[in-house]
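Just below is one structure, and these are the notes that go with it.
The values are calculated or read from the model by the stated rules, or taken from the named source; none is laboratory data. Predicted, not measured: the structure shown is a model, and the values here were computed from it. No Cβ is skipped: glycine too gets one built from the backbone with ideal geometry, and neighbour counts run over all protein chains shown.
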Amino acid sequence: MPVVTRFAPSPTGFLHIGGARTALYNWLFAHHHQRFGDGGRFLLRIEDTDRARSSEAAVTAILDGLQWLGLDWDGDAISQFERASSHQSAAHQLVNSGEAYYCYCSADELTVMREKARSEGLKRMYDGRWRDRDPSEAPDGVKPVVRLRAPQTGVTTIKDLVQGEVKVANEELDDMVLLRADGTPTYMLAVVVDDHDMGVTHVIRGDDHLTNAFRQCQLYQALGWSLPEYAHIPLIHGPDGAKMSKRHGALGVDSYRDEGFMPDALRNYLLRLGWSHGDAEIISTEQAIEWFDLTSVGRSAARFDFAKLTNLNGHYIRMADDQTLTNLVIGLLQKKYDGRLAEGTSDRLKKGMKGLKERAKTIVELFESAEFYAKTRPLEMDEKAQGILDSDTRKHLSQLQEDLVALTNWQPDAIETTVKAFAESAQLKLGKVAQPLRAAITGTTVSPSIFDVMAVLGREEALGRIEDAITQV
Ligand code: GLU
């Protein structure tokens, strides 16, 4: 049977890291079955029924986040709010079949009932007083809610693909409200009707929804629909074991993008956060589609490790092709310098990328380390570079400049040979020459091989920067 999964975020904020992982698992499971099974679809439903807390901005942030992560969905995103009439008809169908009933309790009555239940230590808050009462007894002017006539004995069992068999005694569950007095559907009803109408076969979501699954299961049974498979995945915790919060990096996916994380790296990291395949750490998307299954999702909460994510990101940066990285860095440079970049910056970056990407752990680091390629002469020097360029080192640079001017073959090896020969003849350690040279060429004290950098910049620019350093006071 073809598999249908869905991601069902509530648009009350950004796409956070836990939501992104849920989306990824659903996406992978569908793609796995599309590739290796009877077919698979991954659907997106925006659970926007809470009008006060939902916003268009949050919907946009979620869609952008998913797109940036490469988690494309099949068909159009579905709005739960717009499906209210389907939810209402399902509730009326239940009333007609006797599986649901009208309850006319007032708010005050319910408060008294809840207090009584609490004082008696009962889990069920509603005492079922309208289950079998004739609606002709309804008080005047009270608009009723619709409640499910839930089973009062026996157990409800979920065979969860991650949690195993989980049970609850039916006597612990209330006759839940399906339609409010104003006729609007409750969340619990909406989820079940939508999942059914969308043909969802596998509900993969955070285990904070496990208790909802019992109620949803009762609703499926009342409607005579077959249950989907459930897979409730453990939540993500911070490194200290506490529930993931902002201080642990529980930020929107967009902040990871802004901090310079690559979508492939974040995807790989989120995949491993709660799922494993032997010892494999670096897993391409193709490989993930092939390997992904729900049986290998761990049962205990995963711990978010920012350092691990950062290292993995460094790996993906080293693996990325130079043009992609150049485009990303150019984007950041354009922003910082308001579009005023030195001529040929893009070309320089592409040529210099091999050296730059060896060190960077994030795109932001890559951009910072590449700035000297985009700057125009005379270069601004950072404090350390300024400190290195004193009268002695400037004198050496001006002597070295003569040798470099005479060099016709402007290649890294030839430049290196020239600089080394100069250091030897001046009886200086190579560092004593290379560091001032680096300061002059890059305006900083850290860079890839300075000989490579000079070759990338080209003869004229490199000699010009040396000249600036010698003459600047
Ligand atoms: N809208 C719910 C949430 O954002 C998800 C509900 C579900 O997956 O069934 O947590």
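Of all the residues that make up region 126-166, how many are surrounded by 14 or more Cβ atoms within 10 Å (Cβ to Cβ), closer than 21 Å to SER226 by Cα and of a type in the set (A, V, I, L, M, F, W, C)?
6
Any idea which of (1) at pLDDT 95 or above; (2) of a type in the set (D, E, K, R); (3) not in a helix (DSSP H, G or I) is the one ARG359 doesn't satisfy?
(1)
Applying the selection to region 167-199, what residues are within 16 Å of the ligand (Cβ to nearest atom), surrounded by fewer than 22 Cβ atoms within 10 Å (Cβ to Cβ) and hydrophobic (A, V, I, L, M, F, W, C)?
Scanning region 167-199 gives MET176, MET188, MET198.
If you take the residues in region 378-407 that are more than 30 Å from ALA320 (Cβ to Cβ) and not in a helix (DSSP H, G or I), which one is nearest to the chain's Cα centre (by Cα)?
MET381
VAL112: among the β-branched types (Val, Ile, Thr), within 42 Å of the chain's Cα centre (by Cα) and farther than 19 Å from LEU189 by Cα, yes or no? Working first, answer last.
Numbers: among the β-branched types (Val, Ile, Thr): yes; within 42 Å of the chain's Cα centre (by Cα): no; farther than 19 Å from LEU189 by Cα: yes.
Judged against the criteria, VAL112 is not a match.
Taking only region 381-410 into account, find how many residues are within 13 Å of PHE451 (Cβ to Cβ) and surrounded by 14 or more Cβ atoms within 10 Å (Cβ to Cβ).
Keep residues of region 381-410 that are within 13 Å of PHE451 (Cβ to Cβ), which gives 400, 404, 407, 409-410.
Okay, now just the ones that are also surrounded by 14 or more Cβ atoms within 10 Å (Cβ to Cβ), so 400, 404, 407, 410.
Counting residues in region 381-410 that are within 13 Å of PHE451 (Cβ to Cβ) and surrounded by 14 or more Cβ atoms within 10 Å (Cβ to Cβ) gives 4.
Which of the residues spanning region 294-313 are over 17 Å from the mean Cα position of the chain (by Cα) and either free of Cβ contacts under 8 Å to residues at least 60 places away in the same chain or surrounded by 15 or more Cβ atoms within 10 Å (Cβ to Cβ) (or both)?
LEU294, SER296, VAL297, ALA301
Just to verify a result, which residue in region 200-227, among those that are within 23 Å of ARG41 (Cβ to Cβ) and of a type in the set (Val, Ile, Thr), is nearest to the ligand (Cβ to nearest atom)?
VAL203
So which pairs qualify, if the first residue must be in region 417-428 and touching a residue at least 12 places away in the same chain (Cβ under 8 Å), the second must be of a type outside the set (A, V, I, L, M) and surrounded by 16 or more Cβ atoms within 10 Å (Cβ to Cβ), the Cβ gap must be under 6 Å, and the two must be at least 6 apart or on different chains?
No pair meets every condition.
If you take the residues of region 23-56 that are touching a strand residue (DSSP E or B) at 6+ places or on another chain (Cβ under 7 Å) and among the aliphatic types (A, V, I, L, M), which of them is farthest from the ligand (Cβ to nearest atom)?
Step by step, filter region 23-56, then rank; the result is ALA30.
Under 7 Å between Cβ atoms, which residue pairs at least 6 apart in sequence (or on different chains) link something in region 198-217 that is farther than 13 Å from LEU173 by Cβ and assigned to a strand (DSSP E or B) with a partner that is of a type in the set (Val, Ile, Thr) and more than 7 Å from the ligand (Cβ to nearest atom)?
Hits for this filter: HIS202/VAL3; HIS202/THR5; ILE204/THR5; ILE204/THR22; ILE204/ILE233; ARG205/THR22; GLY206/THR22; GLY206/ILE233.
From the list ALA288, ALA280, which residue is in a helix (DSSP H, G or I), at pLDDT 95 or above, closer than 25 Å to ASP72 by Cβ and not charged (D, E, K, R)?
ALA288
Output the qualifying pairs, or none if there are none: Cβ atoms under 6 angstrom, residues six or more apart or on different chains, first residue in region 446-473 and within 17 Å of ASP413 (Cα to Cα), second residue part of a loop (DSSP other than H, G, I, E, B).
From region 446-473, the pairs are VAL453/SER447; ALA455/GLN411; ARG459/TRP410.
For region 1-22, which positions are within 19 Å of ILE283 (Cβ to Cβ) and more than 10 Å from the ligand (Cβ to nearest atom)? Show your work before the answer.
Filtering region 1-22 for residues within 19 Å of ILE283 (Cβ to Cβ) gives 17, 20-22.
Within region 1-22, ILE17, ALA20, ARG21 qualify.
Any residue in region 358-381 that is within 22 Å of ALA462 (Cα to Cα) and without any contact (Cβ under 8 Å) to a residue 40 or more places away in the chain sitting within a Cβ distance under 7 Å of a residue that is part of a loop (DSSP other than H, G, I, E, B) and among the small types (Gly, Ala, Ser)? List the pairs, counting only those 6 or more apart or interchain.
THR376/ALA342
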